[in-house]
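All remarks here apply to the structure that follows.
The values are calculated or read from the model by the stated rules, or taken from the named source; none is laboratory data. Bear in mind that the values here come from a model prediction, so they are computed numbers and not experimental data. Because the Cβ atoms are built from the backbone with ideal geometry, glycine has one as well, and the counts that use them run over all protein chains shown. These area figures cover heavy atoms from the full protein model, side chains too; ligands, DNA and RNA do not enter into them. Shrake-Rupley method; radii C 1.70, N 1.55, O 1.52, S 1.80 Å.
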Amino acid sequence: MSLTANVVVRFTQDNVPEGNGILQQDDPRPRTARVTQQFIANNNISLLNWASMSPDMSPVEHVWDELKRRVYARPQPPVNAQQLEDAVIEEWNAIPQAFIANLVQSMRHRCVALINARGGFTRY
């Protein structure tokens, strides 16, 4: 299993109540890997499909970007999978809730911008 597929599966196992989850996903290969799709099917997780041309509409993409910046900015970068997992968990927990709240609050403006752009790119 790829590292990305493993992270998706483990995150979902830890954070999505069985039979009560909706996972937003577009079509990048790691998220459509067979093992990931099997896990989603076996655990009755509903999918909310998302247009792959509109990643800026998804607040979580901005959270992933912030997480990546935090992991890369660490004084000692991870050198193996365990250190990477530990760093990701530590940095994920350190992201201020205000950062996430601001992203959620921006959804109305994001939707209006996307409608005005007729589905094209926006400043977000």
Query raised in the report: For region 90-116, how many residues meet the condition of being open to solvent by less than 40 Å² (accessible area, probe 1.4 Å) and either at pLDDT 80 or above or closer than 21 Å to GLU66 by Cα (or both)?
Result: 6
Query raised in the report: Among VAL79, VAL63, VAL112, which is in contact (Cβ under 8 Å) with a residue 24 or more places away in the chain and of a type outside the set (Lys, Arg)?
Result: VAL63
Report task. Search region 74-89 for residues being out of contact with any helix residue (DSSP H, G or I) (no Cβ under 9 Å at 6 or more places or on another chain) and either open to solvent by less than 90 Å² (accessible area, probe 1.4 Å) or part of a helix (DSSP H, G or I) (or both), and hand back the single one that is nearest to PRO59 (Cα to Cα). Result -> ILE89
